[in-house]
1. Measuring from a point 7 Å past the Cα of Asp17 along Cα-to-C-beta, which residues in the stretch 59-82 have an amide N at less than 20 Å?
2. Once you place label points 7 Å from the Cα toward the Cβ at Arg6 and Thr139, how far apart are they in nm?
3. Expressed in whole Å with the largest first, what are the equivalent ellipsoid semi-axes of the stretch 102-159 derived from the C-alpha gyration tensor as the square root of 5 times each eigenvalue?
4. Using 0.36 nm times the number of residues separating Ser132 and Gln100, minus their current alpha carbon distance, what extension gain do you get?
5. Sorted from fewest to most neighbouring beta carbons within 10 Å, what does the list Ser60, Ser111 look like?
6. Within the chain, which is the longest segment containing none of the trypsin sites (Lys or Arg not before Pro) that sit in a DSSP loop and have at most 14 other Cβ atoms within 10 Å?
7. If the elastic network links every pair of Cα atoms under 10 Å, which of Asp54, Asp70, Asp83 fluctuates the most in the Gaussian network model of the chain?
8. Using a Förster distance of 30 Å, how high is the FRET efficiency between Asp124 and Cys41, based on the Cβ-Cβ distance and rounded to 0.05?
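FYI, it's all coordinate maths here, none of it is from the lab. This one's a predicted model, so the numbers in the text were calculated from it and none came from an experiment. Neighbour counts are summed over all protein chains in view; Cβ atoms, including those assigned to glycine, are modelled from backbone coordinates with ideal geometry.
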Amino acid sequence: MKQDIRVTINGQRIGADVEPRMLLSDFIRDQPGLTGTHVGCEHGVCGACTVMVDGEAVRSCLMFAVQAHDRSLTTVEGIADDDGRLHPLQVAFREAHALQCGFCTPGFLLSTLSYLDRHPSPSDEEIREMLSGVLCRCTGYDNIVRAVRQYCDATAAAA
């Protein structure tokens with residue numbers, strides 16, 4: 001028996017009738033067609049499916065869509081400006097060469113933004129610990145740490 005849910009994704013209110021067993025990752029990809037939420041391991045290990053639910057980083061492959069009812073979601077598509085300008089963290093990733101194939105990048109970006117909302121001045125060790133929740137098979141994590149550090153430094157300088 002399907003259930004009616006209403007969620008706000010990237011500022012847009014969406015309603016749908018979903019099977020209770022539908023994963024949030026599948027809902028995000030199938031209903032509004034936001035394919036930036038990548039599905040990797042489907043066990044919550046790789047972090048590629050990370051989105052923000054009410055500002056908290058969540059593995060969308062471990063959450064049912066019905067659990068997101070009346071909640072606010074942010075996907076990688078929702079962090080750029082409405083006019084298409086990249087978020088400053090995305091710019092830092094590009095400038096620091098912190099991505100290669102890009103499969104894990106949405107998970108890194110959303111995990112980082114959620115974390116930095118609560119910890120705006122992390123040490124490099126804390127950045128590495130936070131990033132450990134997302135797996136990247138293409139690159140070492142040095143450039144990713146460098147990108148997060150660059151973003152943190154730029155944010156602090158602008159304040």
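1. So the set is 65-70.
2. 4.1
3. So the three semi-axes of the stretch 102-159 are 19, 11, 10 Å.
4. On the way: separation 32, 0.36 × 32 = 11.52 nm, distance 1.74 nm.
Gain on extension, Ser132 to Gln100, equals 9.8 nm.
5. Numbers: Ser60 29, Ser111 24.
Exposure proxy ranking, most exposed first: Ser111, Ser60.
6. 22-84
7. Sorting by GNM fluctuation, first place goes to Asp83.
8. Numbers: r = 27 Å, r/R0 = 0.89.
Computed FRET efficiency for Asp124 and Cys41 comes out at 0.65.
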